[in-house]
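Readers should treat all values here as calculations from the given coordinates under stated rules, not as data from a laboratory. Given the structure is predicted, the values throughout are model-derived calculations rather than measurements. Every residue, glycine as well, gets a Cβ built from its backbone with ideal geometry; the counts of neighbours run over all protein chains shown.
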Amino acid sequence: MSNDTVFPSSRSEALGQSEAFLDFQERLSRVAPVDRPVLLLGERGTGKELAASRLHFLSRRWQGPFITLNCATLAPSLIEAELFGYEKGAFTGAERRRTGRFEAADGGTLFLDEIGSIPMEAQEKILRVVEYGSFERVGSSAPVEVDVRIVGATNADLVALAEREDFKRDLLDRLSFEVLFLPPLRARGEDIMLLANHFATRMSYELGRNEMPVFSRAASAALEGYIWKGNIRELKNVVERAVYRSDSGEIDEVVFDPFVSPYSVLSGTDVKSAKPSESVKSARDEKSAVSLDRAVAELEISMLREALAASRHNQRKAASRLGLTYDQFRGKMRKYGEIVLGKKES
């Protein structure tokens, strides 16, 4: 690989300023130059492949190949051939020799996503590669030597799998030189709007719009207050959908669940068209625009004041009382701080 390596465009999505995000990035940067296996554990949508890519490009192997394999997408009978390759005639349909992912990753990094899905037989051969740096292709007894750094990722409990003997304990011990936990989006309160604005700007550009999208205060509050079980991937979908559906530069509505039928509730609607009548829609929109935004803000301000008073203005304790991370609490204080502290009228 040449010195002008082009980083994947998705690397620009590794954005954040929260303590949880910065702490994870610091730990990743620290282990990247150490030529040992690393396990990345985290919920779906937290960016495990993106983290593995960053780990590779920050390592001394950055000029070597970065090869990926999602182990959950292959049938158990195919994983061994995919990882280690096969010789001509090794099985029906093997018309020529094929190199596997380990050979392709020689001198670089092999990222095994959903590593907990690998069958026991393949785990035995992976353990041999980790220990001795060699393996045999399917249908061959000749050893193939490789120099590969393994980075594994999963949202499964590997320790529990090992206790049930569904994952080799020896392999787990060898792969877990370092175990990094990716923080879920709900622990990265300060990053939600940073990422949302990033995704919105990019979507607006993709749609060929000249006006930069801006989220209303109500929309921002909705995004910051959501649980985000699908993490960054879910946030990206929600934001892109909101931008594409908006008719102006201001985004004042976000839809978290696109599977909710608009016909499930017909109260106050024109049954023939299944759309709100103009008078009902107008009144509803006007009331929502004026009162909902203010009601949400007033409730948050009141709860922030009470929590600060009860905790004697210790912000970490106040955040804990409200069930917020410290980052989320700081985000609220940046929004309402002067009002909460009595320096400005609401």
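At-a-glance table
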{"item": "Listed residues I227, I118, I126, most fluctuating in the chain (Gaussian network, C-alpha, under 10 Å)", "result": "I227"}
{"item": "Qualifying trypsin sites (Lys or Arg not before Pro) for segment 215-256 [loop in DSSP, other Cβ within 10 Å: at most 13]", "result": "K229"}
{"item": "Other-chain or far-sequence residues with amide H under 5 Å of I251's (modelled H)", "result": "V214, F215, S216"}
{"item": "Vicinal HN-Hα couplings computed from phi for segment 327-335 (Karplus, 6.51 cos²θ - 1.76 cosθ + 1.60; Hz; Gly/Pro x)", "result": "5, 5, 4, 4, x, 5, 5, 5, 6"}
{"item": "Length-normalised contact order for the chain - Cα pairs under 8 Å, 6+ apart - percent", "result": "17"}
{"item": "Relative contact order (%) - criterion: Cα under 8 Å, at least six apart; region: segment 57-190", "result": "25"}
{"item": "Over 32 Å (Cα to Cα) - which of K229/K317; K48/K88; K125/K236; K168/K229 fall in this group", "result": "K48/K88; K125/K236"}
{"item": "Alpha-carbon centroids, segment 42-84 and segment 142-213: separation in whole Å", "result": "10"}
{"item": "Using alpha-carbon coordinates, inclination of helix 231-245 to the longest axis of the chain, degrees", "result": "50"}
{"item": "Residue-wise HN-Hα coupling along segment 299-312, computed from phi with Karplus coefficients 6.51, -1.76, 1.60 (Hz; x: Gly, Pro)", "result": "5, 5, 4, 4, 5, 5, 4, 5, 5, 5, 5, 5, 9, 6"}
{"item": "Rounded to 5, the percent of DSSP beta bridges in the chain classed as antiparallel", "result": "20"}
